[in-house]
Each structure stands twice: as structure tokens, then as C-alpha cells.
Amino acid sequence: MIMSIRDLFKKNKPNKNITITREQHSVPEGIMTKCPECNHVMLTKDLQKNKKVCPNCQYHHKMTAKERIDDFLDEGSFQSIDDHLQTVNPLNFPGYIEKVTSDMQKTGLNEAVLTGVGELEGRQVVVAVMDSFFRMGSMGSVVGEKITRAIEKATELSAPFIVFTASGGARMQEGVISLMQMAKTSVALERHGAKGNLFISIMTHPTTGGVSASFASLGDINLAEPKALIGFAGRRVIEQTVREKLPNDFQTAEFLLEHGQLDAVVSRHEMRKTVSTIVKLHVREAI
Amino acid sequence: MVKTLSFEEPLVQLRSKITELKEFTSNTEVDLSKEIEQLEERFTNLEKDIYHHLRPWDRVQIARHPERPTTLDYIHELFDDFIELHGDRTFGDDAAIVGGIACFEGTPITIIGHQRGKDTKENIRRNFGMPHPEGYRKALRLMKQAEKFKRPIICFIDTKGAYPGKAAEERGQSEAIARNLLEMAGLKVPIISIVIGEGGSGGALALGVANHVHMLENSTYSVISPEGAASILWKDAALAQKAAEAMRITAPDLKEENIIEEIIPEVLGGAHKDVHKQAQFLKDVLQSSLDKLKDLSEEELIEQRYHKFRKIGTFSDKDFQKTSDKLK
Ligand SMILES: [Zn+2]
């Protein structure tokens, strides 16, 4: 498939080339998919049709940023921005650029987040969708910059800003600069909010570390997909620190909801409608 | 006896040789004063040579020195009338962060900082300076209070990181840190943050969205500890020394990246050698920082802080064609 990333989104084609490779040795590659949660084997095509939600156990398989855009926004309404920003290697880590380049080819994205302007049931919104298939969705300079620019775009348009998070945290290979992206995105959100603009954060599996401890948690409304892993510190680190067994549902969306950290857990089938309603209820003129 | 660090070994050896010679001369008629004088000179030169050529890992060790001055040490040296204010009004009081009001050179200020312990007992009480969410929420409460009374805010950063524990997660560690980043961005009073020891990750940054950020010469500021970086990048925590260099976590590194304003010099050998003198160095920088910020309006303070963090990032904004080529 040879086309620029801009072309890809104008046409808004569903991506038919996605294959789930996990446990592929036991099922024919690509055609069939085995649910990692319940081991149900199904046609990949059927899983795709069901928004990548397992029909047997409702497990929400990870979506790519492009699949999310296709699923969430009005068809053909999305225009991406800042696809040209490019990661550099500030600390000269051997192999870093090669890894980023390989993920660019794998995902068709310039970095671990896809940003742009689109419509949700006819209302203009600015979205940032993180892609955990790109360096585990980790945040370095380009991810921080793209998200910040998207927030600024939303502020400029007085449009709601909507983020789908999926990230292992800060990008180690960029050192303290990646830490500072937490501050950068947050100062932009402060400004967006100070002007009375809406920000909705939707946490998907997994949302941890520096992303969890910055914009992901700062929504006027914080939502999450069922069973998504959300937390600051990794489970293993915590287990080593506290020397006690953690409950099975620890750091899941449901666990966070129970502890008052989320507004709601929303199934993928209901997400578009729920967010659209929230946006509608924030229109400043009479509805 | 102050703990010796590995790179200080040559100094310790030379010092003991000098002491030995001195003892010898006092017990005999032999005059070795010339030799002793020469050795003393050699000691002074060696000391300068070692302390002026510290490697990143040496600085990490100084930053972690058990006797390194803490937030409370500097509070007592720098401010008058300090009154500690406790609690987040929601859950509890986190001893890993101290805060309160005080007077700095005639100006009322709010002071907040991570607080380590000096011994095991105090470290357990203060959780080794690793805060829970209520610590960050206390900090935010005190910052809002400072804003109401138009007091400048001074933050001392000194933590390995936010505490990775079960209760911390249950009470929203992520949200507490994130909230501080956002709220600090909008505060209408000057904020000055100084990294005095270890500035570990999000737990440090939660006190760091300031108009001016300074670092003590031998402090560190990083996204992850050198040990953590080594185990993730090379699957070997023993390579921490190498990671300390590769990750660029020292004050000179951050100054070069334009992330901090000033490097505050330390007394020879590190802040722990002379707390009183070290506080004087801090005082000078604090004073000049406050002077620079005092004439900015509320809007200008917010604007300055916004741009300080907005501009941080290293990437290429130019070569669109090259990017699209890579995507083909
Ligand atoms: Zn299933």
C-alpha cells in the first residue's frame, strides 16, 4: 500500500490488513484470532466487525489509532495534523531511530499518537489517539508536541479536545525531555480549560506511568474502556515494594471506578454515543 | 564521621598518610615539616582535581549522600518564622512532603518540599521522601493558599519518586501528580523550584512546574533512576553507572538542554560538607530569582511559565517529504 498518511485519512478506509499475531502458532495467521482472555477462536473478520470486542467474553482487544478514528468519528470527517514531525535521537541511543522507523512502517504513523480535527455526530472535535503498537505508545518529544499542538488547535477552535490514551509511559530513550512532555501537555490543558473548553479523556488498555500521571487523568470527564489497565506504577514494582499479593482486578478500569478515580467505564459499543452526548451537553448555546 | 564516597578514596588515603607523618614527627626529633607541607599542597590539588571533574555517577552518589542537607535543613537556614502546615484536608498528612509559611528576607513566602529522613527511624516515618497522593494534595492546598495571599511559592525537589504502593494507587497517585502539573501552570504568583538532591520522575515534576527551575550542582533530575534505566535498556541494573552518563541527568546536562535556569554551585565536595555555607549559595540565587519575577503581572507569570515548558522537546519539524518516504 503506497500512499501518504494524509491520503489514508481523507479516504477513511477501514484497514483490512490488521492481523492479530498473538498466539499465532496455534491458529492460522491472520484469518483466525484467539482471544487472549477466554481462548475463544474466531474469524479475525468477525472480530473486526464487532469493534474488536470478543463476542464470547467482551474482552476489548487493542485498537490501532486508525481503527479507533474509523470507529469513533463521523465517516470521512477526519483530517490529520502534524504527520510530518519526526523523532530524533537526543541522547544518541544506539538503534533508537531504527526502532522508531520500523514502527513507522508497521503502523503507517509518524509517531505513537495520531492527531487531527474531525466531527462527532456533526460537531467539530479535536482528537488525539495514542497507538500502543508504536513503541508501546510511549511519550517522547514528538508525542508530547503532537498532543500539545492538538490541544492548542482545540483551544483555537473553541472545540472539545478528546484523547484516547494507550501508553506504557515516558519514552526512556529521550531521557528527561520525555518527562518534561508531561508538563508541556499539562500547561496546554490548563490554558484550554481556563477558556471554558471541554476536555474528555478516554483511557484504553494500557495507560500507565507518565501518561497516566499527566493528561490522561486531567479530563473534565475521565472515561475508560472495560478491563483497561490504568495506573502510575507497574504491578511488579508495587508487589516488590509492598511484599503482598495484589487483588486480581488491581489497576483495572473497574478498580479505579470503585476507588473514585473515573467518571465511568464505557464499553466500546457505547463509546461514540456516550462521548457525543457529553459533547452535546457542553454546547454553549441552547441545545 | 562523614560517609566517604568511592571516588574520594585517593583523598582519604593521602589524608591518612599526612596524619601518620604528623604523628611520627611529634614523637621524634626528625623535622619533616617540609615533606608535610608538600603533601598538604598535593592534597589541595588532588581535592580540586577530583571535585572539579566529577563524573555523572559521582554526582549521583553525592546527591544520595545520607548527610546531604534536606528541605528542613535549608528552611531553617534560609527562612525566619517558619510555621509548618499539615494535611491535605481529605485523607491525611504525608510526612514525605513538608510545607508551610515563612519569611524570606522580609517577604512572606510559601515553602514546600520533599522531605527525606536523616536516619532509619525518620526515613520510615517519612517514607524515604517518597510521597503518597495526599502529599501532593497537601502541596496543592498550600499553593492555592499562597495564591490567595499573593505569596511567592518556593519548592524544594528531593525525591527518588512518587511511592509505588497499593494505597497510593487506590487513592489516585496519577491524578494527584497530574493535577499539580495543571494547577501549577495556572497559579498567579511566582513559583521557584530548586532540585536539592534527587529529582526522580513524575514525583519530582509534581513540584516542578515553576517560573524558574534551578538545580544544585550535584543534584540530578531524570525520567527514571540510573538503576531503572539500566535494567530497562540493558536488562542489567549493575550498568547504572553507564546509564547515569547516557541519560544526561546532571545539572550541567539540564542547563545545556535549557530545562533549568541556574546551576547553584556547591561547596567543595558537596553540600553536606557545609550546610550553612551552602544555604548562602541558595539564598543568592533565590533572591535574584524573586527579584526577576516580582515585577511580572499575574498574566505575565502564567505566560512565562507556559512558554518555559511549551518549548521543551527535541524533534524535526521540517522534512515532510522524508517522513512520508519512510511511511511507504
Ligand atoms: Zn474472549
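The values are calculated or read from the model by the stated rules, or taken from the named source; none is laboratory data. The structure presented is a predicted model; accordingly, all values stated were derived computationally and were not measured. Methodologically, a virtual Cβ is constructed for each residue, glycine included, from the backbone with ideal geometry; neighbour enumeration extends over all protein chains shown.
Go through (1) out of contact with any strand residue (DSSP E or B) (no Cβ under 8 Å at 6 or more places or on another chain); (2) modelled with pLDDT of 95 or more for B:Glu262 and report which single condition fails.
The one condition B:Glu262 does not meet is (1).
For region B:227-234, check the following and say yes or no: at least one residue is of a type in the set (Gly, Ala, Ser), surrounded by 24 or more Cβ atoms within 10 Å (Cβ to Cβ) and closer than 30 Å to B:His307 by Cβ.
yes
In this structure, does A:Ser102 turn out to be of a type in the set (S, T, N, Q), assigned to a helix (DSSP H, G or I) and more than 9 Å from every other protein chain (Cβ to nearest Cβ)?
Considered against the rule, which asks whether it is of a type in the set (S, T, N, Q), assigned to a helix (DSSP H, G or I) and more than 9 Å from every other protein chain (Cβ to nearest Cβ), A:Ser102 comes out as yes.
Failed condition for B:Arg141, given (1) outside any helix (DSSP H, G or I); (2) closer than 17 Å to B:Val189 by Cβ, with all others met?
B:Arg141 satisfies every listed condition except (1).
Scan region B:181-210 for residues that are surrounded by fewer than 24 Cβ atoms within 10 Å (Cβ to Cβ) and not aliphatic (A, V, I, L, M) and jot them down.
B:Glu183, B:Gly186, B:Lys188
Tally the residues that are away from chain B (no Cβ under 11 Å) and not polar (S, T, N, Q), restricting the search to region A:237-257.
4
Does A:Glu152 fit the bill of being closer than 29 Å to B:Asp253 by Cβ and among the charged types (D, E, K, R)?
When the stated conditions are applied, A:Glu152 passes them.
Could you run through region B:263-284 and say how many residues are buried (at least 19 other Cβ atoms within 10 Å of the Cβ) and outside any helix (DSSP H, G or I)?
Total meeting the criteria: 4.
Among the numbered criteria (1) more than 8 Å from every other protein chain (Cβ to nearest Cβ); (2) hydrophobic (A, V, I, L, M, F, W, C); (3) under 19 Å from B:Phe315 (Cβ atoms), which single criterion is violated by A:Phe164?
(3)
Restricting attention to region A:31-40, and to residues there that are within 12 Å of the ligand (Cβ to nearest atom) and part of a strand (DSSP E or B), which single residue is farthest from the other protein chains (Cβ to nearest Cβ)?
A:Lys34
Counting just the residues of region A:212-236 that are within 9 Å of another protein chain (Cβ to nearest Cβ) and assigned to a helix (DSSP H, G or I), which one comes out nearest to B:Pro164 (Cα to Cα)?
A:Ser212
Has region A:41-49 got any residue that is within 16 Å of the ligand (Cβ to nearest atom), at pLDDT below 95 and touching an Asp or Glu at 6+ places or on another chain (Cβ under 9 Å)?
There is at least one residue in region A:41-49 that is within 16 Å of the ligand (Cβ to nearest atom), at pLDDT below 95 and touching an Asp or Glu at 6+ places or on another chain (Cβ under 9 Å).
Restricting to region B:87-107, name every residue that is closer than 18 Å to B:Phe149 by Cα and surrounded by 15 or more Cβ atoms within 10 Å (Cβ to Cβ).
Once the filter is applied, which keeps residues that are closer than 18 Å to B:Phe149 by Cα and surrounded by 15 or more Cβ atoms within 10 Å (Cβ to Cβ), region B:87-107 yields B:Gly99, B:Gly100, B:Ile101, B:Ala102, B:Phe104.
Scan region A:68-78 and give yes if some residue there is under 22 Å from A:Cys35 (Cβ atoms), within 16 Å of the ligand (Cβ to nearest atom) and more than 14 Å from every other protein chain (Cβ to nearest Cβ), otherwise no.
no
Hey, could you check region A:182-207 for residues that are more than 9 Å from chain B (Cβ to nearest Cβ) and among the aliphatic types (A, V, I, L, M) and say which is farthest from the chain's Cα centre (by Cα)?
Across region A:182-207, the extreme among qualifying residues is A:Leu198.
Out of all the residues in region A:127-143, which are over 11 Å from A:Ala166 (Cα atoms) and out of contact with any helix residue (DSSP H, G or I) (no Cβ under 8 Å at 6 or more places or on another chain)?
A:Val142
Regarding A:Leu179, is this residue within 10 Å of chain B (Cβ to nearest Cβ) and touching a residue at least 12 places away in the same chain (Cβ under 8 Å)?
Yes, satisfied.
Yes or no, residue by residue, for (1) buried (at least 24 other Cβ atoms within 10 Å of the Cβ); (2) within 22 Å of A:Leu281 (Cβ to Cβ):
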site: A:Phe164; (1), (2): yes, yes
site: A:Ala170; (1), (2): yes, no
site: A:Glu174; (1), (2): yes, no
site: A:Gln181; (1), (2): yes, no
site: A:Lys195; (1), (2): no, yes
site: A:His205; (1), (2): no, no
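Do we find a residue being within 16 Å of the ligand (Cβ to nearest atom), more than 10 Å from every other protein chain (Cβ to nearest Cβ), surrounded by 23 or more Cβ atoms within 10 Å (Cβ to Cβ) and within 30 Å of A:Val41 (Cα to Cα) anywhere in region A:114-135?
No; the residues of region A:114-135 include none that is within 16 Å of the ligand (Cβ to nearest atom), more than 10 Å from every other protein chain (Cβ to nearest Cβ), surrounded by 23 or more Cβ atoms within 10 Å (Cβ to Cβ) and within 30 Å of A:Val41 (Cα to Cα).
For the subset of region A:258-284 comprising residues that are under 17 Å from A:Glu121 (Cα atoms) and part of a loop (DSSP other than H, G, I, E, B), which member is farthest from the other protein chains (Cβ to nearest Cβ)?
It comes out as A:Val283.
I'm told A:Ser217 meets every condition in (1) surrounded by fewer than 21 Cβ atoms within 10 Å (Cβ to Cβ); (2) more than 15 Å from B:Phe309 (Cβ to Cβ) except one. Can you identify the failing condition by its number?
Of the numbered conditions (1) surrounded by fewer than 21 Cβ atoms within 10 Å (Cβ to Cβ); (2) more than 15 Å from B:Phe309 (Cβ to Cβ), the odd one out for A:Ser217 is (1).
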